[in-house]
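Enquirer: Please find one structure pasted underneath; my questions will follow.
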């Protein structure tokens, strides 16, 4: 089997990155207004045009507005800023960040269009508004709105023309009448009657969330064959498997549905080992691609399942939902951006056992990535999610593809499976090195390779370079291999049995 250098290096990097780390503040979303597809009609009067990397709104008798759903919510929400430039004919415009009832608004004050105000959902200047007088029209200005949340306060800072002579005001959003939980999930721009406004250089500045598991790999499925997966509703659809002989992470399982209605779904289900987690959390990660987002993935079995599914009631779903057995929003369900059709997306679900919460990160390395937390304690009955099975369903002529399924955690993966489900991947189980340790310059382990003539192990350094290769004879064996000549450090130990690989981290003292 050909060793893939890039794959080894990526696997090693995955082991080395710490869990749930935050990066420094950076520009995490930009819009250069080169086209109109991101913006939908929000106010029907007047006209909108896009040219020279600017959006121009010219109102008629009624407001002319455009709204863009911001596909990025994957920032640490206690600190985020929105910056843009504007040029108005009379300052008769409004910008709304987020959606009701948790918006931040920049809008004209009263009937005098020479004043701008920053406020929350309520617009009264005596509660949470700040007025600004700006008499310069038909001139480009810079607007910066900074949102900051602490344990006791929620504030927004309004900065006009940042630099010398800038107008700055801090607005206390805690004065909002209702509980205020700002989420930057959209931006709307309006030109009020008789106004022309140009907008350019839109930026969102924040701290991105990253979720890469540092826990060891407990289970993986590279979808090389169908023995793990049993068709559950084999109606109006098909299940297929495609394999890459050189790069296992490219292997794909495809669940297809050919009907235009979802009453007869096609789905597959598989048993997992029961994961006996001794740590505080574990992570399920995989990559997916869909045609229409008419899908549902269930982890575990009733009544303690966790779902990732199409947002209910959406005729043209553009969002997905994570929920527990009861899908009601009031019971902990959260909605997140689903991503572009026919494009591979990454999904990582980190489940905290003690808190009964799931941190979901979608496309963490892309500018439109999403991060949110679902609280399963809101379930009416005590909820202890157990990941012992997985089911995939698709409907309404959708095609769902999945690859590179992995489970990371501290603990063990038992061989038990629920009744009625197929057994786990025997190749993975037989391919696993057990009780790997380094004692007095000897690497010691056991491996059950009794069903195969030969197998081998490879040891890679931090650069992805192979530093040792050892052939193992057939049969259940206990090995002691000298490694005195290998320098101290962290290595990647890869076993190969019948063309299938298993990987784990090894520290040589």
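Enquirer: Since residue 382 meets every condition but one in (1) at pLDDT 85 or above; (2) more than 16 Å from the chain's Cα centre (by Cα), which condition does it not meet?
Expert: Only one criterion is unmet by residue 382, namely (1).
Enquirer: For residue 405, state whether it is closer than 30 Å to residue 294 by Cβ and modelled with pLDDT of 85 or more.
Expert: Yes, satisfied.
Enquirer: Just name the residue that is farthest from the chain's Cα centre (by Cα) out of those in the range 367-377 that are more than 18 Å from residue 181 (Cα to Cα) and at pLDDT 80 or above.
Expert: If we take residues in the range 367-377 being more than 18 Å from residue 181 (Cα to Cα) and at pLDDT 80 or above, then 377 is farthest from the chain's Cα centre (by Cα).
Enquirer: For residue 80, work out the one condition from (1) modelled with pLDDT of 90 or more; (2) farther than 20 Å from residue 113 by Cβ it doesn't fulfil.
Expert: Checking residue 80 against (1) modelled with pLDDT of 90 or more; (2) farther than 20 Å from residue 113 by Cβ, the one that fails is (1).
Enquirer: A further question follows. What's the number of the condition residue 289 fails, among (1) at pLDDT 90 or above; (2) within 16 Å of the chain's Cα centre (by Cα); (3) closer than 22 Å to residue 409 by Cβ?
Expert: (3)
Enquirer: Now a separate question. Can you tell me how many residues in the range 445-466 are modelled with pLDDT of 80 or more and surrounded by fewer than 17 Cβ atoms within 10 Å (Cβ to Cβ)?
Expert: Here the count works out to 2.
Enquirer: Before we move on, is residue 29 at pLDDT below 85 and under 15 Å from residue 207 (Cα atoms)?
Expert: In short, yes.
The values are calculated or read from the model by the stated rules, or taken from the named source; none is laboratory data. Because the structure is a prediction, the values reported are computed rather than measured. Cβ coordinates were reconstructed from backbone atoms using ideal geometry, including for glycine residues, and neighbour counts include every protein chain displayed.
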